[in-house]
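**Student:** Supplied in structure tokens, the structure appears directly below.
The values are calculated or read from the model by the stated rules, or taken from the named source; none is laboratory data. Since the structure is predicted, the reported quantities are computational estimates derived from the model, not experimental observations. A quick note on method: Cβ atoms are made from the backbone with ideal geometry, for glycine too, and the neighbour counts reach across all protein chains shown.
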Amino acid sequence: MSRPSPPGEAAPVDARTADASPVDTAPPDGRPTVVRTRRELREAVARLPRPIGFVPTMGALHEGHRALIRRARTENAGVVVSIFVNPRQFERADDLAAYPRTEAEDLAVCRAEGVDVVFIPPVEEIYPAGFQTTVRVGALAEPLEGAARPGHLEGVTTVVAILFGLVGAERSYFGEKDAQQLRVVRRMVADLAIPTEIVACPTVREPDGLACSSRNVRLSARGRAAAPLLHRALLAGRARILAGERSAEAVREAIRAVIGTEPAIELDYVSAADEATLDELETIDRPTLLSLAARIEGVRLIDNELVVPLRGTAQGEPEG
Ligand code: AMP
């Protein structure tokens, strides 16, 4: 883009954008329409029937993304998907550079799932020259990913706020796999009175339990074989809670013990937190988000399980 436009204004169409007109990429039935500028997006959205369901992604689409798209397709008359590898949510340049980019395959997925409009903006279209506004959620964004990846969640909320403003969808779809992100986005939407309903979708897993992730393709066969232990460790934590364990540290330790059996996994954090506030717990006496982050062969993976403790099972004490 030779001349970035101010936020909120349509940008001039550059040569690449002009070449990539919807006609170039559209299948015979005309879907999906591929748009790359704010102006093209606004025009395409204006032509859609309502309500509109919106699925923001970073591409390299997998079964988890497909589940979000299918849900959006079922519940809405129009479906918009965005594909944008957002540099502001990567705190490491090497991670950003290594993030998979598979536009042709992603468009085939969108076509197969009946998406109406795919927004694939260049970075300057989202962050034009002069950009200087960010959205930062408070305490909810501080622990877990907020602590481990400074700036990450602020990057997410900033880009999501921009995308919400551009698409104006009645509903927006997010995965529970990114549990803190989901909660932080919900908080932002409530606090800033953004008129979109946030719809949470369950984590989609491979048959061996590994949560689907765009990063999984970066694992070697050896790393891929080790990765399902992340979920097995969370299930071990869940089993301890359901067996009556009320010490959060004992649950965290049980999770760490499972992870510790696999030298290929480098643990970042293990958490047993209040599922609503994400405050770390001492006593498991409420719905608990068990979560972890780890590196395998330098690839950072996250996963979580929501556990609701059975009432009154710990040493038979009465509750509530
Ligand atoms: P990403 O492209 O990784 O930014 O993810 C885009 C959306 O897909 C986010 O709302 C994620 O939470 C969601 N997502 C990613 N992986 C999964 C999964 N395995 N199951 C369900 N949703 C997912």
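**Student:** Can you name every residue in the range 156-205 that is free of Cβ contacts under 8 Å to residues at least 24 places away in the same chain and within 13 Å of the ligand (Cβ to nearest atom)?
**Tutor:** Across the range 156-205, the qualifying residues are 182, 186.
**Student:** Let me ask you something else. Based on this model, can you work out whether residue 134 counts as in the same structural domain as residue 87 (by TED's automatic domain parsing) and either part of a helix (DSSP H, G or I) or among the basic types (Lys, Arg) (or both)?
**Tutor:** Working: in the same structural domain as residue 87 (by TED's automatic domain parsing): yes; either part of a helix (DSSP H, G or I) or among the basic types (Lys, Arg) (or both): no.
Judged against the criteria, residue 134 is not a match.
**Student:** Here's a follow-up. Could you say whether any residue in the range 27-49 is within 20 Å of residue 162 (Cα to Cα) and without any contact (Cβ under 8 Å) to a residue 12 or more places away in the chain?
**Tutor:** Within the range 27-49 (the criterion being within 20 Å of residue 162 (Cα to Cα) and without any contact (Cβ under 8 Å) to a residue 12 or more places away in the chain), the answer is yes, since at least one residue qualifies.
**Student:** Something else now. Quick one: residue 209 ticks every box in (1) crowded, with 19+ Cβ neighbours inside 10 Å; (2) over 13 Å from the mean Cα position of the chain (by Cα) except a single one, so which number is it?
**Tutor:** Residue 209 satisfies all of (1) crowded, with 19+ Cβ neighbours inside 10 Å; (2) over 13 Å from the mean Cα position of the chain (by Cα) except (1).
**Student:** List the strands (runs of 3 or more DSSP E) inside the range 1-104, counting only whole elements, that have at least 2 residues being at pLDDT 95 or above and either within 16 Å of the ligand (Cβ to nearest atom) or under 24 Å from residue 145 (Cα atoms) (or both). Even if it seems obvious, please write down each step before you answer.
**Tutor:** Numbers: elements: 33-35, 52-57, 78-83.
Qualifying strands (runs of 3 or more DSSP E): 52-57, 78-83.
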